Amino acid sequence: EDGFNMEILDADMLTESILKSSAATADVFFYAGLGENKTASELLGRHTQIIPTGAALGCTEDLAQLSRIDYQPASAFKQGPSLSIPFFPWSPSNQLGRVFATIEDLFQRGNHLDLYYSLLTLLNEVQPVDLVGANEKLDGRGLFCLIKNCRRPLFKCLNTPRCKECVDELEKVGLRDQVKAYSVIRSYQSPEFERLSLCINEKHNCLRNTATRPDVPNVQPMTSFRGEPLTHEAAEDILIGNRGVEGRNHSWILVCGQNPAYDEFPCQYQMFFRGKARNSLWYNPVFKVFTLDGKEVWRRSDYKCRQDKDTPGLFTFTFCDNGVTSKEKWRIVDASDNLDWAVLYYSGAAKTAGQAYIGAMLATPDGKWPDDKELPRITKALHSAGIVWHEMVEVCNENCGGAPLTPLHPERAVSSSS
């Protein structure tokens with residue numbers, strides 16, 4: 001992140017002189033996973049007092065009590081009542097209480113990306129950070145925008161039990177927690193919520209969010225395929241993959257993914273296909289969701305794909321999901337000659353929802369792991385995207401029958417390309 005310098009210290013290398021020097025210039029501290037290491041906790045406790053903002057997670061109780069924002073202790077922020085209007089916290093203390101609740105919850109999930117978001121959420125209280133900087137509350141100007149432009153879909157939503165439940169759950173988790181927010185929206189999605197979200201976000205941007213797509217790391221697509229320079233047609237063939245081969249309706253099934261918000265749903269079928277219109281390409285992912293009210297349902301999305309005219313293997317994907325439009329850059333990082341596996345990387349933003357994100361995935365025709373002999377090449381592909389294996393989480397591909405694998409648009413005749 002621009003504007004920040006970070007110094008990383010291992011618990012075993014802490015000394016009075018090192019901590020005194022580090023604390024003297026620090027604006028934020030972030031202590032993670034020290035457990036009951038009392039020696040480290042006592043050292044840190046003595047040198048933390050002069051740092052205005054910080055969080056101690058997975059540490060001793062004494063150290064945890066030092067968590068604060070601008071010298072205000074975390075214990076002072078209480079979750080108060082809120083109006084049943086989307087993203088409208090009742091008080092500043094309620095908002096700060098949610099910030100700390102989000103920081104702690106992200107840390108407890110125990111994966112690399114949520115740990116990263118936990119740190120960024122804290123830093124965002126010191127200086128705006130685009131990746132987690134979603135504006136969640138309607139100020140006076142935003143409330144005027146809502147009442148003036150969106151009162152009909154608002155009242156319709158609040159009088160529809162499923163839509164109101166979605167609003168209430170989003171009010172609890174906030175927009176900055178992308179994992180929970182997306183799970184809530186996918187659990188309780190309804191036409192009423194989509195119309196409300198479309199009005200608040202896309203039509204009028206009442207929250208005045210302006211998220212931008214992350215451009216770091218700068219991941220490059222593969223440049224050759226089957227011993228020849230990669231062409232635009234070959235890049236599309238890779239995405240279409242195994243669709244139409246041996247009777248398959250899908251292109252790929254995810255084996256593992258990097259982003260816990262989007263890549264870890266069970267049974268993720270990817271369908272890429274060329275539309276009947278000239279140069280049209282569509283992406284219809286189909287995946288299973290275990291909703292927050294205990295149901296098991298299939299969900300799907302609809303992306304329009306456009307390939308970069310100068311760079312084969314680089315695509316722009318756009319789609320509208322529950323009233324919010326997202327724009328993403330996708331890269332084919334690598335794929336085997338016989339299309340037994342592919343590594344894809346994406347970065348995107350839902351501008352008016354204030355959400356920016358990155359992710360990567362390994363996919364195969366059947367969702368099973370590739371042959372071990374392929375792993376060195378896959379590892380190299382992941383490393384080129386700045387990813388190591390422990391960042392990837394395996395997708396559950398059990399009980400995946402019955403997926404709705406019918407394209408959402410007319411397509412050109414499917415032919416095998418493998």
Identify, among 154, 402, 190, the residue whose Cα sits farthest towards the positive end of the charge dipole of the chain, taking +1 on the Cβ of Lys and Arg and -1 on the Cβ of Asp and Glu, with the dipole about the Cα centre. 154
Helix 161-173: inclination vs the chain longest Cα principal axis, degrees, rounded to 10, gives 50 degrees
The set of residues whose placed amide H lies less than 5 Å from the amide H of residue 57, leaving out same-chain residues fewer than 5 positions away, is 31, 32, 33
For segment 370-381, what does the Karplus curve 6.51 cos²θ - 1.76 cosθ + 1.60, with θ = phi - 60°, yield as ³J(HN,Hα) per residue in whole Hz, taken in order and with x for Gly and Pro? x, 4, 4, 5, 8, 5, x, 5, 5, 4, 4, 5
Apply the a/c threshold of 1.5 to the C-alpha gyration tensor of segment 305-395 and tell me whether it is rounded, prolate or oblate. prolate
When only C-alpha pairs under 8 Å and at least 6 residues apart count, what is the relative contact order of the chain, in percent? 14 percent
May I ask you to give the solvent-accessible area per residue for segment 233-356, in square angstrom, as obtained with a 1.4 angstrom probe? 35 Å²
Could you tell me which of rounded, prolate or oblate describes segment 121-181, using a ≥ b ≥ c as the square roots of the eigenvalues of the alpha-carbon gyration tensor, with rounded for a/c under 1.5 and, failing that, prolate when a/b is larger than b/c and oblate otherwise? oblate
Kirkwood Rh for segment 173-290 from C-alpha pairs, in Å, is 17.7 Å
Probe 1.4 Å - accessible area at residue 372, Å² to nearest ten: 120 Å²
Counting only protein heavy atoms, what percent of the accessible surface of segment 232-357 is carbon or sulfur at a 1.4 Å probe? 45 percent
Choose one answer from 296, 228, 374: the residue with the largest mean-square fluctuation in a GNM of the chain with alpha-carbon springs under 10 Å. 228
Shape call for the chain, from the Cα gyration tensor axes a ≥ b ≥ c (a/c under 1.5 means rounded, otherwise prolate when a/b beats b/c, else oblate), comes out oblate
Estimated 222 nm signal from helices in the chain, with DSSP H stretches of n ≥ 4 weighted -39500 (n - 2.57), rounded to 500: -9000 deg cm²/dmol
Inter-part distance where segment 298-352 and segment 103-164 are each reduced to a Cα centre, Å: 24 Å
HN-Hα couplings for segment 305-314 via Karplus (6.51, -1.76, 1.60; θ = phi - 60°), in whole Hz with x for Gly/Pro, come out as 10, 9, 8, 4, 5, 9, 10, x, x, 10
Share of carbon and sulfur in the accessible heavy-atom surface of segment 138-229 [1.4 Å probe, %]: 52 percent
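The values are calculated or read from the model by the stated rules, or taken from the named source; none is laboratory data. Keep in mind that this is a model prediction, so the values were computed, not measured. Note that we place each Cβ from the backbone using ideal geometry, even for glycine, and neighbour counts take in every protein chain shown. The accessibility values were calculated without ligands, DNA or RNA, using every heavy atom of the protein model including side chains. Shrake-Rupley method; radii C 1.70, N 1.55, O 1.52, S 1.80 Å.
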